[in-house]
Amino acid sequence: FNDDDYGLSLEQKKRILEKLNGAVGFESFLNKKYVGQKRFSLEGGESIIPALDAIINTGGDLGVEEVIIGMAHRGRLNVLANTLGKTYEQLFKEFEKQVEPNEVLGDGDVKYHLGYSSQVETPSGKNVHLKLMPNPSHLEAVNTVVGGFARAKADLLYKNDYNKILPILIHGDAAIAGQGIMYETVQM
């Protein structure tokens with residue numbers, strides 16, 4: 001391969017650009033349309049969207065059937081829209097407090113605490129189930145929940161085949177360096 005292409009095909013580069021544009025455009029729209037609303041912007045961290053896309057696509061190619069994501073508030077709305085495929089209509093209804101109780105995981109909590117589940121098809125045609133766990137805390141309490149949920153599903157649904165399920169924990173600061181639940185979860 002050529003050093004200038006970083007080992008990526010033109011199609012992969014276009015997909016990365018598409019994902020970055022989606023993330024940036026979404027943040028820009030929210031910033032203009034919902035001025036003053038608490039939304040925990042992803043601004044400055046938009047690269048997480050193409051990174052998640054690459055992880056999910058590669059995982060699907062390697063036999064992963066389900067991805068469970070745990071994260072705090074920062075960037076959650078963008079992940080819902082640009083990774084899990086939650087429609088803008090659904091998200092904006094939540095901003096405008098027109099939520100259908102049967103359409104969300106969680107129980108009437110604020111928009112950046114809710115979970116969501118979807119099915120995506122990777123570029124290579126694999127179907128992967130995605131689940132963003134509800135997280136009512138801005139802290140990382142969700143990490144142990146994701147770990148336990150993934151382990152239980154691997155044991156029961158996938159008959160101990162741990163290659164079928166991929167837990168992803170997204171953490172926003174350096175607490176993994178030595179304290180708190182993030183560090184302890186990694187140690188488990």
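In what sequence, highest mean first, do 5-15, 124-134 appear when ranked by Cβ atoms within 10 angstrom?
124-134, 5-15
Roughly what would the spin-label model give for VAL35 and TYR6, points 7 Å off Cα along C-beta, in nm?
Using points 7 Å along Cα→Cβ, the separation is 3.5 nm.
Once amide H atoms are built 1.01 Å from N in the peptide plane, which residues 5 or more positions from LEU166, or in another chain, come under 5 Å H to H?
GLU66, VAL67, ILE68
Given the peptides 68-78, 52-62, 146-156, arrange them by the average over their residues of other C-beta atoms within 10 Å, most packed first.
Order by mean packing, descending: 68-78, 52-62, 146-156.
Residue-wise, which Karplus ³J(HN,Hα) couplings in Hz belong to region 151-156, taking 6.51 cos²θ - 1.76 cosθ + 1.60, θ = phi - 60°, and x for glycine or proline?
Running phi through 6.51 cos²θ - 1.76 cosθ + 1.60 with θ = phi - 60° gives 5, 4, 5, 4, 5, 8 Hz.
Show me, for region 11-24, the HN-Hα J-couplings you get by feeding each phi into the Karplus relation (A = 6.51, B = -1.76, C = 1.60, θ = phi - 60°), rounded to Hz, glycine and proline as x.
So the J values, rounded to whole Hz, are 5, 5, 4, 5, 5, 4, 4, 4, 5, 5, 4, x, 5, 5.
Computed from the coordinates by the stated procedures, all read-outs in this text should not be read as laboratory data. Just so it is clear, the model here is predicted, and its values are computed rather than measured. Please note: Cβ atoms are built from the backbone with ideal geometry, for glycine as well, and neighbour counts cover all protein chains shown.
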